[in-house]
Amino acid sequence: SQTIHQWPATLVQPVGSPLSLECTVEGTSNPNLYWYRQAAGRGLQLLFYSVGIGQISSEVPQNLSASRPQDRQFILSSKKLLLSDSGFYLCAWNHGSGNTIYFGEGSWLTVV
Amino acid sequence: GESVGLHLPTLSVQEGDNSIINCAYSNSASDYFIWYKQESGKGPQFIIDIRSNMDKRQGQRVTVLLNKTVKHLSLQIAATQPGDSAVYFCAAGTYKYIFGTGTRLKVLA
């Protein structure tokens with residue numbers, strides 16, 4: 001069966017520090033990969049999605065970036081965090097189009 | 001731009017009653033719709049989905065209804081239980097999905 005893991009689960013970082021959140025999917029190949037952000041009490045905002053290695057589409061202009069160095073690995077990064085980057089970050093995957101997206105357990109980021 | 005909205009931010013239901021959570025979407029090209037349940041501090045969990053060529057789909061205690069004419073879908077939970085308390089999201093799209101802001105379901109004992 002397929003599983004998705006993301007880490008770290010919680011992170012407290014000072015303003016201006018870098019960020020790296022990692023996500024891996026196991027038990028499948030060539031998945032579509034997604035990063036979403038969920039601000040407190042709000043819906044899910046799509047940040048990035050990837051249909052293959054090195055192929056990244058950005059949905060929202062911001063100081064975050066994403067990379068996909070391997071087929072089943074997706075990384076969310078920032079060079080300098082802002083207070084507004086605080087939130088719950090979710091990695092997700094699916095296959096093809098018109099198919100269910102499966103989420104990881106999320107990473108809580110607090111920028112102080 | 002595209003949007004997905006839920007009609008009520010909070011819904012309180014007596015245990016044992018049926019719950020109905022509503023959602024509206026804006027993009028008529030959306031052909032796949034998903035309902036998720038999210039418990040506090042966790043990632044969303046898949047509940048049920050429906051494709052645009054259907055107007056109703058049933059699962060265990062859950063039913064999703066899709067009305068493409070008015071771009072509306074709903075999630076019905078039968079015999080609501082305390083364990084159903086969570087935030088429910090709908091999502092609409094094709095290969096990328098727009099999520100609603102969520103409805104918090106509170107089950108009253």
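The values are calculated or read from the model by the stated rules, or taken from the named source; none is laboratory data. The model shown is predicted, which means the values in this text are computed figures rather than measured ones. Cβ coordinates were reconstructed from backbone atoms using ideal geometry, including for glycine residues, and neighbour counts include every protein chain displayed.
For the structure I just gave you, tell me whether residue B:4 is surrounded by 13 or more Cβ atoms within 10 Å (Cβ to Cβ) and within 11 Å of chain A (Cβ to nearest Cβ).
Details: surrounded by 13 or more Cβ atoms within 10 Å (Cβ to Cβ): yes; within 11 Å of chain A (Cβ to nearest Cβ): yes.
Yes: the conditions hold for residue B:4.
I'd like the full set of residues that are part of a loop (DSSP other than H, G, I, E, B) and either modelled with pLDDT under 95 or over 15 Å from the mean Cα position of the chain (by Cα) (or both), limited to the range A:1-17.
As a first pass, look at the range A:1-17 and keep what is part of a loop (DSSP other than H, G, I, E, B): A:1-2, A:8-9, A:14-17.
A:1, A:2, A:14, A:15, A:16, A:17 - these are the residues of the range A:1-17 that are part of a loop (DSSP other than H, G, I, E, B) and either modelled with pLDDT under 95 or over 15 Å from the mean Cα position of the chain (by Cα) (or both).
Filter the range B:58-102 down to residues that are among the hydroxyl-bearing types (Ser, Thr, Tyr) and within 12 Å of residue B:4 (Cα to Cα), then give me how many there are. Break it down stepwise before answering.
Of all residues in the range B:58-102, those among the hydroxyl-bearing types (Ser, Thr, Tyr) come to B:63, B:69, B:74, B:80, B:85, B:88, B:94-95, B:97, B:101.
Next, from what is left, pick out any that are within 12 Å of residue B:4 (Cα to Cα): B:97, B:101.
So the answer is 2.
Tell me, which strands (runs of 3 or more DSSP E) lie completely within the range A:26-112 with 2 or more residues that are under 11 Å from the mean Cα position of the chain (by Cα) and away from chain B (no Cβ under 13 Å)? Step through it out loud before you land on a result.
Values: elements: A:32-38, A:44-52, A:55-58, A:64-70, A:73-78, A:87-94, A:107-111.
In the range A:26-112, the matching strands (runs of 3 or more DSSP E) lie at A:64-70, A:73-78.
Please determine, by comparing only the residues of the range B:39-57 that are free of Cβ contacts under 8 Å to residues at least 12 places away in the same chain and within 9 Å of chain A (Cβ to nearest Cβ), which one is farthest from residue A:104 (Cα to Cα).
Restricting to residues being free of Cβ contacts under 8 Å to residues at least 12 places away in the same chain and within 9 Å of chain A (Cβ to nearest Cβ), the top hit is B:41.
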